[in-house]
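Only the coordinates and a few stated rules stand behind these numbers; no lab work does. The model shown is predicted, which means the values in this text are computed figures rather than measured ones.
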Amino acid sequence: MTTEITPIHGGAVAAIVALMDSQRLLTLGVNRPDGWPQVTTVGYVNDGLNIYMSVARDSQKLANIRVDPRVSIAIRSEADRGDAVGLSLAGRASEVRDPHLIAGINRLVAARYPDVNVYCPSGESVAVIHVAPLIIAPVAVADGRSRPQTFAIGEGIGDVAGPDGVSRLF
């Protein structure tokens with residue numbers, strides 16, 4: 001069975017961003033040099049479809065991303081009556097080094113999560129990672145049945161910068 005991938009449209013973007021905006025945690029899958037996957041749960045903030053997270057500079061996650069920037073992410077929420085809504089995405093990860101962009105991400109975190117005051121990555125021990133999605137597959141589970149659809153975003157998303165009025169994708 002092959003999965004049909006269609007170009008993403010505005011209605012799908014709005015629904016995906018609403019789900020991403022409503023959550024704080026994602027599951028990140030990276031590729032280890034020995035070929036085994038490494039999967040971990042991390043906190044994140046998103047700006048539209050752009051995803052940002054902080055990781056320890058000496059972490060295995062960052063070392064793996066530097067070798068192979070391809071990542072997979074899963075985000076899931078609980079809906080009423082046990083119906084689940086979530087998404088899976090494939091994207092490319094890169095370290096954010098621009099201090100103005102990091103400051104904008106920190107403002108985004110402070111606005112979205114006023115109770116979080118320890119995120120603010122700016123020191124040498126922390127790296128900020130940006131994930132630019134290339135393929136997004138939202139899934140709704142209703143009445144015990146999965147309803148997935150797969151959307152392509154394309155390679156051009158890597159040029160999208162982030163918060164603070166810098167161009168956004170949608």
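Mind checking the full-extension length gain between residue 22 and residue 77? Use 0.36 nm per residue of separation minus the Cα-Cα distance, one decimal, nm.
19.0 nm
Sequence-distant or interchain residues sharing an amide H contact under 5 Å with residue 96, placed H: which?
Residues meeting the criterion, in which the H sits 1.01 Å from N, are 128, 129, 130.
Report the full-extension gain for the segment residue 41 to residue 113: residue separation times 0.36 nm, less the Cα-Cα distance, to one decimal in nm.
Extra length from residue 41 to residue 113 when fully extended: 24.1 nm.
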